[in-house]
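> Here it is, the structure in full.
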Amino acid sequence: MPASLTRPTPAPYLAPDETVVLFDGVCKLCNGWAKFLIRYDHGHLVRLATVQSEEGQALLAWAGLPVDTFDTMALSVIITTG
């Protein structure tokens with residue numbers, strides 16, 4: 001991750017080198033996309049969380065993103081490094 005995008009504290013709920021995709025759990029298109037990821041992520045390389053969940057809210061706050069309004073067509077991917 002570029003130095004300009006690093007955070008001084010580790011991401012909550014994630015171990016080093018884990019990747020999470022945050023998606024809008026109310027959006028049917030987003031849910032379909034998440035199901036696609038689950039179906040084809042045979043190596044279980046990506047974790048998923050809805051932006052409405054406790055984990056999603058904590059990750060959004062950690063990344064400095066809004067926790068109360070969501071652009072359902074936007075995708076938030078958080079990759080942690082050890």
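The values are calculated or read from the model by the stated rules, or taken from the named source; none is laboratory data. Just so you know, these numbers come straight off a predicted model, no measurement behind them. Using ideal geometry, Cβ is built from the backbone for each residue, glycine included, and neighbour counts are taken over all protein chains shown.
> With respect to residue 56, is the statement that it is closer than 16 Å to residue 10 by Cα, modelled with pLDDT of 90 or more and either surrounded by 15 or more Cβ atoms within 10 Å (Cβ to Cβ) or in contact with a helix residue (DSSP H, G or I) (Cβ under 8 Å, 6 or more places away or on another chain) (or both) true?
yes
> Same structure again: So, residue 49, is that one at pLDDT below 85, surrounded by 11 or more Cβ atoms within 10 Å (Cβ to Cβ) and not in a helix (DSSP H, G or I) or not? Write out each step before concluding.
Working: at pLDDT below 85: no; surrounded by 11 or more Cβ atoms within 10 Å (Cβ to Cβ): yes; not in a helix (DSSP H, G or I): yes.
Taking the combined requirement at face value, the residue does not satisfy it.
> Sticking with this structure for a sec: If you take the residues in the range 1-28 that are modelled with pLDDT under 90 and over 18 Å from residue 60 (Cα atoms), which one is farthest from the chain's Cα centre (by Cα)?
Of everything passing the filter in the range 1-28, 3 is farthest from the chain's Cα centre (by Cα).
> Residues in the range 11-31 that are farther than 11 Å from residue 70 by Cα and either touching a Lys or Arg at 6+ places or on another chain (Cβ under 9 Å) or assigned to a loop (DSSP other than H, G, I, E, B) (or both): how many?
Qualifying residue count for the region: 11.
> Would it be correct to say that residue 34 is modelled with pLDDT of 90 or more, buried (at least 16 other Cβ atoms within 10 Å of the Cβ) and not in a strand (DSSP E or B)? It would help to see each step written out before you state the result.
Working: modelled with pLDDT of 90 or more: yes; buried (at least 16 other Cβ atoms within 10 Å of the Cβ): yes; not in a strand (DSSP E or B): yes.
Answer is yes for this residue.
> Something else: Of all residues in the range 38-58, which are touching a residue at least 12 places away in the same chain (Cβ under 8 Å) and within 19 Å of residue 25 (Cα to Cα)?
46, 47, 48, 49, 50, 51, 52, 53, 55, 56, 58
> Let me ask something additional. Here is a list: 41, 71. Which entry is surrounded by fewer than 17 Cβ atoms within 10 Å (Cβ to Cβ) and modelled with pLDDT under 90?
It is 71.
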